[in-house]
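A quick write-up on the structure given underneath.
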Amino acid sequence: MPAGGRRSRPRWRVLAWRIEAFVAALAIGCFRLLPIDAASALGGALARTIGPRLGVSRQARKNLRRALPEIDEAAADRIIKAMWDNLGRVVAEYPHLPAIRVYEAGGRVDIVGVEHWDALLAAGRTIIFVSAHYGNWEIAGIAAAQRGLSLVQVYRAANNPFIDQLVGGYRGGGSELLPKGAAAARGAIAALRGGRHLGMLVDQKMNDGIAVPFFGRDAMTAPAAAQLALRFDAAILPARVERLQGARFRMTLSPPIAIDRVADRHDETLAVMTRINREIEGWIRERPEMWMWLHRRWPD
């Protein structure tokens, strides 16, 4: 069984995982046979037709109503439909990720803010890239790897280990992938000690994290990005990848997150994570359809 499946599992669950992974592999195989633009369009069409009808969309609507109370029901419907369209495209684009050339002239990815990246590398700084499940978030890791950076990406493994293995074969762009957990924490520390860079998605709920404001309400947030930056004097560089049209993207690198050294490490960790959450909130307010509203991000 793939990594994460060593513990004894009920046979019915393993069987369900295998069936689910078989269906996913068939879908990915079909998307792989199509050109990337056609695959992306098909994935988006299927998801925006089916997704809004699923029960999980109720969580998206609840999150929207509380985070953006100024929008009406019609706007919420449009955002949820467009969110599903983006998610369907992300899935359909997985088998095509290895073929994307980020720095190819006239290619699929525009990059804005590369001067922030260049300045940190010129100064010899290690970088912790922070991002969110926004647009096609996989492009950022590919961009870093194709730039020649030695990158370690920490990610949340899929609940189904067979699907995690399937998708893992396409993502990363040659960077090292570490599923969240104790091993990832050790791997992240070893990477920074060795002068390597990290990539982290920091927008999901972490029950044993710290309470950090997000859209005006406390959200339990993983503090690792701030803790590691403080411990290893690494720079935190926000990177978002938004979808422009179809399978074309813009990756924007924001200025590094400010880190002010204070005596109380918990206070500074909270301050840094607050700045990160504020950055991501700004992205979402600008284009709410790009974010995955399906998470139970807030405790209530």
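Here is how the numbers come out for the structure above:
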| item | result |
| --- | --- |
| Fraction in percent of alpha-carbon pairs per bin - 5 Å, segment 117-196 | 3, 14, 23, 27, 20, 9, 3, 1, 0 |
| Distance from segment 155-169 to segment 52-72 (C-alpha centre basis), Å | 27 |
| Per-residue [θ]222 nm for the chain (sum of -39500 (n - 2.57) over DSSP H runs n ≥ 4, rounded to 500) | -15000 deg cm²/dmol |
| Share antiparallel - DSSP beta bridges, the chain, percent rounded to 5 | 40 |
| Against the rule of thumb 2.2 N^0.38 Å, how large the Cα Rg of the chain comes out | 0.99 |
| D (Stokes-Einstein, µm²/s), Kirkwood Cα radius, segment 141-300, 1.002 mPa s at 20 °C | 127 |
| Sorted by Cβ density within 10 Å, fewest first, the residues 70, 20, 268 | 70, 20, 268 |
| Relative contact order for segment 11-290, counting Cα pairs under 8 Å that sit 6 or more residues apart, in percent | 22 |
| Computed lengthening from residue 32 to residue 265, 0.36 nm per intervening residue step minus Cα-Cα distance | 79.1 nm |
| Residue 128 long-range amide H proximity, modeled H, under 5 Å | 198, 235, 236, 237 |
| Restricting segment 87-177 to GluC sites (Glu not before Pro) in coil, as DSSP defines it, with at most 13 other Cβ within 10 Å | 104 |
| Over segment 1-149 - Rg/Rh using Cα atoms and the Kirkwood inverse-distance radius | 1.04 |
| Inter-part distance where segment 264-300 and segment 182-246 are each reduced to a Cα centre, Å | 11 |
| Within-10-Å neighbourhood charge of residue 79 [Cβ basis; K, R +1; D, E -1] | +2 |
| Nearest-20 debye value, segment 51-160 charge dipole, Cβ charges on Lys, Arg, Asp, Glu | 500 |
| Inter-part distance where segment 128-150 and segment 14-37 are each reduced to a Cα centre, Å | 24 |
| Net charge of Cβ neighbours under 10 Å - reference residue 177; Lys, Arg +1; Asp, Glu -1 | -1 |
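Each reported figure results from applying straightforward, stated rules to the coordinates on display, with no laboratory input. This one's a predicted model, so the numbers in the text were calculated from it and none came from an experiment. In this analysis, Cβ positions are derived from the backbone assuming ideal geometry, glycine residues included, and neighbour counts consider all displayed protein chains.
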